[in-house]
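Colleague: Just dropping this structure here.
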Amino acid sequence: MTPAEAVAAGPTRQGQLLAAGTLTSRQLTEATLEAIERENPAINATVAVFADEALAAADEADRRRAGGESGALLGIPIAVKDDLDIGGKVTGLGSRAMLLPASQDADLVAAIRAAGMVIVAKSALPELAIHGFTESDAHGITRNPHNLGHTTGGSSGGSAALIAAGAVGIATASDGAGSIRIPAACCGLVGFKPTQGTMPSSGGWHEMSTQGCLAARVADSALFLDTFGRFTDPLVPAAATDPAPLRIGMSFSASAATRALPLDPRVRAAVQQAADTFRAAGHTVTEVKIPYKVDAKALTVRYLAGIRDDADGADDPSRLEKRTKGIARLGRPFGARSVDWAKRKGRAWGDSVHDDLGVDVLLTPVMSGPAIEVERWRGKGALSTLLSMNAVYPYTAQWNHAGLPAVSMPAGVTEDRLPLAVQLIARRGDDARLMSLAGQLERRNA
């Protein structure tokens, strides 16, 4: 395998090549930087590229390997979403309102460096990670490599676009209302949102948001999360092992503040096909209706109060986009007591929903359809954007509110090359079993 071919191979395979001595980190990093330079003009997925720093880090990783170190991620290139602090760099958050460089690395970035990974770029996101589409006044439109007229989703859209284009093998991502799973669904990737509290540098939007990654394969997601997170059971062996028979609840129940868009028949068929695949693997699959005791108001309190807090924390709030200012104003009424109440409501619902339904795992859509066209919400106001966006994406934010692990899995493509996806949701702390089920689905669909 040439260095150019290895770029899209993902960190598991890249690590094997580095360990075998058939590839150096320098070669892999050079090829990754070349791929970013080649692909990024069309997709607009990066906000910064760190060529000199990356090559120096790659040389150091090669020295460490030559000295006997053998870390699984040592020397592997990675893109970092621009919501994580890199010391000495401005954490832009998709905004013109962030002006001051970070004083030090975020905990996750520090751990990434300690593992010997090579940070090659920062990836784009919408302002303050608010939206399910990656478009901003600061950086323009990030486009889907599968169809440039369509979105990569958001808010981790830059990370998803880079991987889907074959420009990097893995990238960090964060998920506060679907921001790992929606880009994964739009771009045909694996998007695993772990249980809240398992990953460093998490907890934004009043503990709705968690850090994670985007990757093309289940094994790569498992490797990244296992390396940097804290899980009851290891994820890497789980990803390679079929789970014992499970009770899976297939549901098309949507949770939207307004009327959800009708479910695209192609998405419905993809969910039903996944159900058939699981039945063939020995699982019991029944259709269930999710009882949304989630309380939309409680979820909304956390989301809007979190955006308000982030807007207030901008270096120059006057430079925020008009729509962002409007969304922040919607969060003004919610104080600490409201937020604490909302967090309790989410925790209680997350602790009960699987037992109430008599299932181990839920199987649902990720989105109402495949990736929407770019600029769908251009010029829309704060409230109209939120309500319309919620109608397109009514299947994800409730699991952030509940704090449960959930994963978006590829499930075919449409006639116009847009990926389809399904979502799996497990109980709190059941990340390993969820990873195992995701791995089984991937293998059976291969």
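The values are calculated or read from the model by the stated rules, or taken from the named source; none is laboratory data. Quick caveat: nothing in here was measured; it's all calculated off a predicted structure. Cβ atoms come from the backbone with ideal geometry, glycine included; neighbour counts cover every protein chain shown.
Colleague: Residue by residue through region 304-323, note down the ones that are part of a helix (DSSP H, G or I) and within 25 Å of the chain's Cα centre (by Cα). Full working, then the answer.
Modeller: Our first condition is that a residue be part of a helix (DSSP H, G or I); within region 304-323, this holds for 304-312, 317-319, 322-323.
Within region 304-323, 304, 305, 306, 307, 308, 309, 310, 311, 312, 323 meet the criteria.
Colleague: May I pose another question? Considering region 152-207 alone, what residues qualify as being of a type in the set (Asp, Glu) and surrounded by fewer than 24 Cβ atoms within 10 Å (Cβ to Cβ)?
Modeller: Scanning region 152-207 gives a single hit, 207.
Colleague: Among the listed residues 124, 58, 115, 106, which satisfies the condition of being buried (at least 17 other Cβ atoms within 10 Å of the Cβ), touching a residue at least 60 places away in the same chain (Cβ under 8 Å) and in contact with a His (Cβ under 8 Å, 6 or more places away or on another chain)?
Modeller: Result of the check over 124, 58, 115, 106: 124.
Colleague: Among the numbered criteria (1) under 28 Å from residue 423 (Cα atoms); (2) touching a residue at least 40 places away in the same chain (Cβ under 8 Å); (3) not aromatic (Phe, Trp, Tyr), which one does residue 319 miss?
Modeller: Unmet condition: (1).
Colleague: Considering only region 254-276, state which residues are in contact (Cβ under 8 Å) with a residue 60 or more places away in the chain and either of a type in the set (A, V, I, L, M) or buried (at least 18 other Cβ atoms within 10 Å of the Cβ) (or both). Let's see the steps before the verdict.
Modeller: Just the residues of region 254-276 that are in contact (Cβ under 8 Å) with a residue 60 or more places away in the chain, to begin with: 254-264, 266-268, 270-271, 273-275.
254, 255, 256, 257, 260, 261, 263, 267, 270, 271, 274, 275 - these are the residues of region 254-276 that are in contact (Cβ under 8 Å) with a residue 60 or more places away in the chain and either of a type in the set (A, V, I, L, M) or buried (at least 18 other Cβ atoms within 10 Å of the Cβ) (or both).
Colleague: In addition: Answer yes if at least one residue in region 207-215 is touching a Leu at 6+ places or on another chain (Cβ under 6 Å) and over 16 Å from residue 428 (Cβ atoms), and no otherwise.
Modeller: There is at least one residue in region 207-215 that is touching a Leu at 6+ places or on another chain (Cβ under 6 Å) and over 16 Å from residue 428 (Cβ atoms).
Colleague: Residues that are without any contact (Cβ under 8 Å) to a residue 12 or more places away in the chain, of a type in the set (S, T, N, Q) and touching a Cys at 6+ places or on another chain (Cβ under 8 Å): which strands (runs of 3 or more DSSP E) entirely in region 127-208 hold 3 or more of them? First the steps, then the outcome.
Modeller: Numbers: elements: 147-151, 170-175, 190-193.
Because the criterion is at least 3 residues that are without any contact (Cβ under 8 Å) to a residue 12 or more places away in the chain, of a type in the set (S, T, N, Q) and touching a Cys at 6+ places or on another chain (Cβ under 8 Å), no strands (runs of 3 or more DSSP E) in region 127-208 meet it.
Colleague: If you check residue 81 against the conditions, is it closer than 19 Å to residue 171 by Cα, touching a helix residue (DSSP H, G or I) at 6+ places or on another chain (Cβ under 8 Å) and modelled with pLDDT of 95 or more? If you could, list the steps in order and put the result at the bottom.
Modeller: Working: closer than 19 Å to residue 171 by Cα: yes; touching a helix residue (DSSP H, G or I) at 6+ places or on another chain (Cβ under 8 Å): yes; modelled with pLDDT of 95 or more: yes.
Yes.
Colleague: Which of the following residues is out of contact with any Pro (no Cβ under 6 Å at 6 or more places or on another chain), over 30 Å from residue 413 (Cβ atoms), among the charged types (D, E, K, R) and part of a loop (DSSP other than H, G, I, E, B): 113, 96?
Modeller: Testing whether each residue is out of contact with any Pro (no Cβ under 6 Å at 6 or more places or on another chain), over 30 Å from residue 413 (Cβ atoms), among the charged types (D, E, K, R) and part of a loop (DSSP other than H, G, I, E, B) leaves just 96.
Residues checked against (1) more than 12 Å from residue 361 (Cα to Cα); (2) among the small types (Gly, Ala, Ser):
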{"position": "407", "(1), (2)": "no, no"}
{"position": "413", "(1), (2)": "yes, no"}
{"position": "417", "(1), (2)": "yes, no"}
{"position": "426", "(1), (2)": "no, yes"}
{"position": "443", "(1), (2)": "yes, no"}
{"position": "446", "(1), (2)": "yes, yes"}
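Colleague: So which of 284, 324 is at pLDDT 95 or above and crowded, with 21+ Cβ neighbours inside 10 Å?
Modeller: Only one candidate passes the filter, namely 324.
Colleague: Could you check how many residues of region 209-226 are in contact (Cβ under 8 Å) with a residue 12 or more places away in the chain and either surrounded by fewer than 21 Cβ atoms within 10 Å (Cβ to Cβ) or farther than 28 Å from residue 307 by Cβ (or both)? Give the derivation first.
Modeller: Looking only at region 209-226, we keep the residues that are in contact (Cβ under 8 Å) with a residue 12 or more places away in the chain, and these are 209-225.
Restricting the remaining residues to those that are either surrounded by fewer than 21 Cβ atoms within 10 Å (Cβ to Cβ) or farther than 28 Å from residue 307 by Cβ (or both) gives 216-220, 222-223.
Residues flagged as in contact (Cβ under 8 Å) with a residue 12 or more places away in the chain and either surrounded by fewer than 21 Cβ atoms within 10 Å (Cβ to Cβ) or farther than 28 Å from residue 307 by Cβ (or both) within region 209-226 amount to 7.
Colleague: Select from region 311-320 the residues that are surrounded by fewer than 20 Cβ atoms within 10 Å (Cβ to Cβ) and not basic (Lys, Arg) and list them in ascending order.
Modeller: In the first step, residues of region 311-320 are kept if they are surrounded by fewer than 20 Cβ atoms within 10 Å (Cβ to Cβ); the result is 312-313, 315-319.
Selection gives 312, 313, 315, 316, 317, 318.
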